[in-house]
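Peer 1: A single structure is presented below for examination.
The values are calculated or read from the model by the stated rules, or taken from the named source; none is laboratory data. Source: prediction; values computed, not measured. Note: ideal-geometry Cβ built from the backbone for every residue, glycine included; neighbour counts use all protein chains shown.
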Amino acid sequence: MLTSMNERFDIGIVGAGQLARMMVQAAISLGLRVRVLAESPADSAALVWPDIVIGSPNDPEVVASFAEACNVVTFDHELVPPKVLAVLTVQRATLRPNPKALALAQDKLWQREQFARRGLPVPRFHGVRSIEDVAAFAIETGWPVAVKTAVGGYDGRGVWRVASAPEAAELFASLPARGTNLIAEAWVPIDREVAAMVARSPAGEVATYPVVDTLQIDGICREIVAPAGISAHLSDKATALAIDVAKAIDLTGVMALELFVAGDELFINEIATRPHNSGHYTIEGCTTSQFEQHLRAVMDLPLGSTDLTAEHVVTVNVLGGPTGEDPRQTLAQALALPGVNVHLYGKSARPGRKLGHVTVLGENLEEARERAWLAAGLLTGERVESPR
Ligand SMILES: Nc1ncnc2c1ncn2[C@@H]1O[C@H](COP(=O)(O)OP(=O)(O)O)[C@@H](O)[C@H]1O
Ligand SMILES: [Mg+2]
């Protein structure tokens, strides 16, 4: 659609993946004028939204001219190149979250350093550049260690469990670029992984969501259960940590704090300063979805209630099956199951790709989990048993 040059937008979203798609879905009911910067017309959000600009979200000139017509600029990802952030800062665009928070969210090493400095609980870590560095670190912590890329990893790509010096050598031999910034971390004996989501507005209003269990398989988030099956003590602690971090980084918008639970201890894993996979359940499962909350927060509107709408809420991701079947082919079967809420992102099907998610609400957790996994399995043409 052609937009007149002097029309201003309330919000510009840089990036047009499924998170942007679900943000514009929330913007419709609030009547917000939103423009989306998409890399390609086939991007998830570009497929469904009239006000799109096609261009690279990594090109400073493209993003700068996109931002000119927007009162507020937000992002559907945090991997925003520093040169893009620099140009937007010079241009005095209103970035929410702020550029420093974004830069922190994309650099796991800097994040760890900042959090450790503030006395927040993080696994033991050290920046490493060589096999010798990893081996020296392992002398202090013991094997195995987690080795990860500081920048650019996602869905477990860029995270390795290294059990010995020879394994470290093997890893380094397989890395494409020498000099990649890497972190070595103590391998945490994780009992479960949880996420705490918080929203914060420029006015300083804060809202926290229930802490959720997140199940990762092969480094990819597969299932979210709200509320998490942890003690009130641990969940209060996780929530307090999320608020601490949100204030420390002067967050605007929503942020997910990923945490490891080991015994009675909590360790911060990483943050995402945007709507997050662990919050997809909020669309049906909370009074205000994370997507609406993010828009409210970046627009400095009052935040909404984060109350659960059911005793238990389960979301299971729909990942592309091995045959690359389009989940729409089995939509009818999934929808025939009662109480199954299906979200498909319009992406082309590829094995392992996040194509959608399903959410089930219920009073009985096991029953809700079973139905959600069954529906997700039907959509990918696989029969997947609930794995817990
Ligand atoms: N120090 C660690 N100890 C044990 N497991 C870890 C450690 N760091 C990461 N993992 C596992 O790897 C997954 C992905 O790591 P993460 O740093 O969150 O990468 P990504 O950016 O791909 O999400 C985590 O969810 C966790 O299951
Ligand atoms: Mg992670």
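Peer 1: Residues 243, 183, 230: which one is touching a strand residue (DSSP E or B) at 6+ places or on another chain (Cβ under 7 Å), more than 16 Å from ligand 2 (Cβ to nearest atom) and more than 30 Å from residue 377 (Cα to Cα)? Working first, answer last.
Peer 2: Numbers: 183 fails: more than 16 Å from ligand 2 (Cβ to nearest atom); 230 fails: more than 30 Å from residue 377 (Cα to Cα).
The unique qualifying residue is 243.
Peer 1: Which of the residues that make up the stretch 123-142 are in a loop (DSSP other than H, G, I, E, B) and away from ligand 1 (no atom under 12 Å from the Cβ)? First the steps, then the outcome.
Peer 2: Residues of the stretch 123-142 in a loop (DSSP other than H, G, I, E, B): 123-124, 129-130, 142.
Within the stretch 123-142, 129, 130, 142 qualify.
Peer 1: Can you tell me which residues in the stretch 143-170 are assigned to a loop (DSSP other than H, G, I, E, B) and of a type in the set (A, V, I, L, M)? Step through it out loud before you land on a result.
Peer 2: Step one: filter the stretch 143-170 for residues assigned to a loop (DSSP other than H, G, I, E, B), giving 143-144, 150-153, 155-156, 158, 163-164.
Once the filter is applied, which keeps residues that are assigned to a loop (DSSP other than H, G, I, E, B) and of a type in the set (A, V, I, L, M), the stretch 143-170 yields 150, 151, 163.
Peer 1: Out of the stretch 43-61, which residues are in a helix (DSSP H, G or I) and surrounded by fewer than 18 Cβ atoms within 10 Å (Cβ to Cβ)?
Peer 2: So in the stretch 43-61, the residues in a helix (DSSP H, G or I) come out as 60-61.
Within the stretch 43-61, 61 is the sole residue that qualifies.
Peer 1: Of the residues that sit in the stretch 107-122 and are within 15 Å of ligand 2 (Cβ to nearest atom) and part of a helix (DSSP H, G or I), which one is farthest from residue 182 (Cα to Cα)?
Peer 2: Going through the stretch 107-122, the residues within 15 Å of ligand 2 (Cβ to nearest atom) turn out to be 107-109, 111-112, 115, 122.
Next, from what is left, pick out any that are part of a helix (DSSP H, G or I): 108-109, 111-112, 115.
On the way: 108: 9, 109: 8, 111: 13, 112: 12, 115: 17 Å.
Ranking the candidates gives 115 first.
Peer 1: Taking the stated definitions as given, is residue 352 in contact with a Pro (Cβ under 8 Å, 6 or more places away or on another chain), more than 25 Å from residue 74 (Cα to Cα) and modelled with pLDDT under 95?
Peer 2: Details: in contact with a Pro (Cβ under 8 Å, 6 or more places away or on another chain): no; more than 25 Å from residue 74 (Cα to Cα): yes; modelled with pLDDT under 95: yes.
No.
Peer 1: A follow-up question, please. Could you please find all residues in the stretch 254-288 being surrounded by fewer than 24 Cβ atoms within 10 Å (Cβ to Cβ) and of a type in the set (Ser, Thr, Tyr)?
Peer 2: Result: 287, 288.
Peer 1: Output yes when any residue across the stretch 71-91 is touching a residue at least 40 places away in the same chain (Cβ under 8 Å), under 23 Å from residue 238 (Cβ atoms) and part of a helix (DSSP H, G or I), and no when none is.
Peer 2: no
Peer 1: Being within 22 Å of the chain's Cα centre (by Cα), more than 9 Å from ligand 1 (Cβ to nearest atom) and of a type in the set (Val, Ile, Thr) is the filter here, so list the residues in the stretch 150-182 that pass it.
Peer 2: The one that is within 22 Å of the chain's Cα centre (by Cα), more than 9 Å from ligand 1 (Cβ to nearest atom) and of a type in the set (Val, Ile, Thr): 151.
Peer 1: If you go through the stretch 261-276, how many residues are closer than 15 Å to residue 108 by Cα and within 11 Å of ligand 1 (Cβ to nearest atom)? Talk me through it step by step, then tell me what you get.
Peer 2: Kept after step one, since they are closer than 15 Å to residue 108 by Cα, are these residues of the stretch 261-276: 267-273.
Now restrict to residues that are within 11 Å of ligand 1 (Cβ to nearest atom): 267-272.
The total comes to 6.
Peer 1: Could you list, in sequence order, the residues of the stretch 246-278 that are among the β-branched types (Val, Ile, Thr) and more than 15 Å from ligand 2 (Cβ to nearest atom)? Show your work before the answer.
Peer 2: Of the stretch 246-278, the ones among the β-branched types (Val, Ile, Thr) are 249, 252, 254, 261, 268, 271, 273.
If the condition is that a residue be among the β-branched types (Val, Ile, Thr) and more than 15 Å from ligand 2 (Cβ to nearest atom), then 249, 252, 254 are the ones that fit.
Peer 1: Within the stretch 266-385, considering only helices (runs of 4 or more DSSP H) that don't extend past its boundaries, which have at least 2 residues that are under 21 Å from the mean Cα position of the chain (by Cα)? Working first, answer last.
Peer 2: Details: elements: 282-285, 290-298, 331-335, 365-379.
The helices (runs of 4 or more DSSP H) meeting that bar are 282-285, 290-298, 365-379.
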